[in-house]
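Visitor: Just dropping this structure here.
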Amino acid sequence: MMRFLLLLFALLCVGIQNASAQIILDFETPATTTNFQYFGSSIDGQLTKTLPNPNPTGLNTSATVLEFKKPAGAQTWGGGFSNPNPTTPVNVVTNTKISIKVHFDHIGNLTLKLENSADGGANWAQTVANTKVNQWETLTFNVALPSIEAPNTPASGHIYNTITLFTDFGISPTADQVSYLDDFKVEQAIVCNTVLNFEAPATSTTFQYFGSTIDGQKTTTIANPNATGLNTSATVLEFKKPANSQTWAGAYSNPNAGTPINLLTGGKIKVKFHTDHPGNLTFKLEEAQDGAPNWALKVLVGVTELNKWVELTFDPALPSIEGPNMPAAGHIYNKIVLFADFDVAFTTDQIYYIDDIEVCTSGSIPKADVTFKLDMK
């Protein structure tokens, strides 16, 4: 019984820790390894090999990888298909990105083809060029785009069993080419839920100022002063920090947003921000529905990103900058507090613009610490 419980504990830990992306192939275990059968060259019918990572640095320090060959004189369409097919099919029913780590000794391309759909989807292929030589990089394939082959439909919405690979598709090499591939993953789709966008009553609120000469006054929404780039929406929040404000001056939601900040499944908080000088935006959450501590995080605005809209990301899995320094992930908060240029004093009035406060999640199971109690009997 003890051996069974320890095994169960280990399996649960693995499941919890590796849920951020669906691993199809990483060539580290039998369940995540397969061979590819070559075609269109002098090594027709032969199978690929896995071997120790020839360059375990940078993006990829894993132990084993796939060696993939394209011999001299191979057909331009020479490649290899999975044989047998991966244990885990390529499920892109709700996801749109597939990532593959590659290591080339030249600038070329990798073509990924998905075949043998379990639900009748058409075959799909896409070519992505590499940009680095003699080092690992990640290539991303967008299955929401049309296939480069007829009937030119996207792969999204389907499940595929067979993976076919082509290095330097469209090219017949004059010398043997050897490349290395690793970590075939289906990236989880990102879903963003709007909390505030200041376009409709249900997605708008005001913030009440504190710590300055405008204590008790409330923010206003105005026409977007720079409807370009990342943010062309009609209305945004105007946010002020008057001259000689306290360094901790800010404003809290009053009333609270109609949609609370729900971080039960993790995710990231995204905010669009517009400023005319280098600085920061500090985002604070209060009034947790389950009594969790308040949480705050400061994000710097880049010096090169002034007088235009930028999107700032706040990670609730990080500890708060205030005691007791706990993460916000796993909780629901009702109140938002904003601080523009927290810890900075000004001798002139400052005006900022804020828009599109969202909670974005991948739909995956978040990492979590789990406490188990085992009866040793």
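The values are calculated or read from the model by the stated rules, or taken from the named source; none is laboratory data. Here the structure is a predicted model, which is why all the values come from computation and not from measurement. Cβ coordinates were reconstructed from backbone atoms using ideal geometry, including for glycine residues, and neighbour counts include every protein chain displayed.
Visitor: So, Lys335, is that one more than 17 Å from Leu196 (Cβ to Cβ), assigned by TED's automatic domain parsing to the domain that holds Pro260, in contact (Cβ under 8 Å) with a residue 24 or more places away in the chain and surrounded by fewer than 19 Cβ atoms within 10 Å (Cβ to Cβ) or not?
Guide: Working: more than 17 Å from Leu196 (Cβ to Cβ): no; assigned by TED's automatic domain parsing to the domain that holds Pro260: yes; in contact (Cβ under 8 Å) with a residue 24 or more places away in the chain: yes; surrounded by fewer than 19 Cβ atoms within 10 Å (Cβ to Cβ): yes.
Spelling it out, it is not the case that Lys335 is more than 17 Å from Leu196 (Cβ to Cβ), assigned by TED's automatic domain parsing to the domain that holds Pro260, in contact (Cβ under 8 Å) with a residue 24 or more places away in the chain and surrounded by fewer than 19 Cβ atoms within 10 Å (Cβ to Cβ).
Visitor: Given (1) of a type in the set (A, V, I, L, M, F, W, C); (2) under 25 Å from the mean Cα position of the chain (by Cα); (3) not in a strand (DSSP E or B), identify the lone condition not met by Ile171.
Guide: So the condition that Ile171 fails would be (2).
Visitor: Being under 30 Å from Ala63 (Cβ atoms), surrounded by fewer than 14 Cβ atoms within 10 Å (Cβ to Cβ) and touching a residue at least 40 places away in the same chain (Cβ under 8 Å) narrows it down to one residue among Thr174, Thr140, Thr167; which is it? Even if it seems obvious, please write down each step before you answer.
Guide: Working: Thr174 fails: under 30 Å from Ala63 (Cβ atoms); Thr167 fails: surrounded by fewer than 14 Cβ atoms within 10 Å (Cβ to Cβ).
When all the criteria are applied, what remains is Thr140.
Visitor: While we're looking at this one, here's another question. Scan the stretch 264-291 for residues that are polar (S, T, N, Q) and in a strand (DSSP E or B) and jot them down. Before you say what the answer is, go through the steps one by one.
Guide: So the first thing to find is which residues in the stretch 264-291 are polar (S, T, N, Q), and the list is 265, 275, 280, 282, 289.
Once the filter is applied, which keeps residues that are polar (S, T, N, Q) and in a strand (DSSP E or B), the stretch 264-291 yields Asn280, Thr282.
Visitor: List the number of the failed condition for Val303; all other conditions in (1) farther than 30 Å from Asn91 by Cβ; (2) at pLDDT 95 or above; (3) in a loop (DSSP other than H, G, I, E, B) hold.
Guide: Here Val303 clears every test but (2).
One line per residue, one yes/no per condition, for (1) surrounded by fewer than 18 Cβ atoms within 10 Å (Cβ to Cβ); (2) under 23 Å from Tyr209 (Cβ atoms); (3) of a type in the set (S, T, N, Q); (4) assigned by TED's automatic domain parsing to the domain that holds Asn197:
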| site | (1), (2), (3), (4) |
| --- | --- |
| Glu238 | yes, yes, no, yes |
| Asn244 | yes, yes, yes, yes |
| Ala257 | no, yes, no, yes |
| Asn262 | yes, no, yes, yes |
| His277 | yes, yes, no, yes |
| Lys308 | yes, no, no, yes |
| Phe314 | no, yes, no, yes |
| Ala317 | yes, no, no, yes |
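Visitor: Shifting gears a bit: Working carefully through the options Ser62, Ser41, find the one that is within 22 Å of Thr138 (Cβ to Cβ), surrounded by 13 or more Cβ atoms within 10 Å (Cβ to Cβ) and assigned by TED's automatic domain parsing to the domain that holds Leu165. Let's see the steps before the verdict.
Guide: On the way: Ser41 fails: within 22 Å of Thr138 (Cβ to Cβ).
Result: Ser62 is the single residue among Ser62, Ser41 that is within 22 Å of Thr138 (Cβ to Cβ), surrounded by 13 or more Cβ atoms within 10 Å (Cβ to Cβ) and assigned by TED's automatic domain parsing to the domain that holds Leu165.
Visitor: Another question about this same structure. In the stretch 65-107, what count of residues is obtained for those that are at pLDDT 95 or above, assigned to a strand (DSSP E or B) and charged (D, E, K, R)?
Guide: 4
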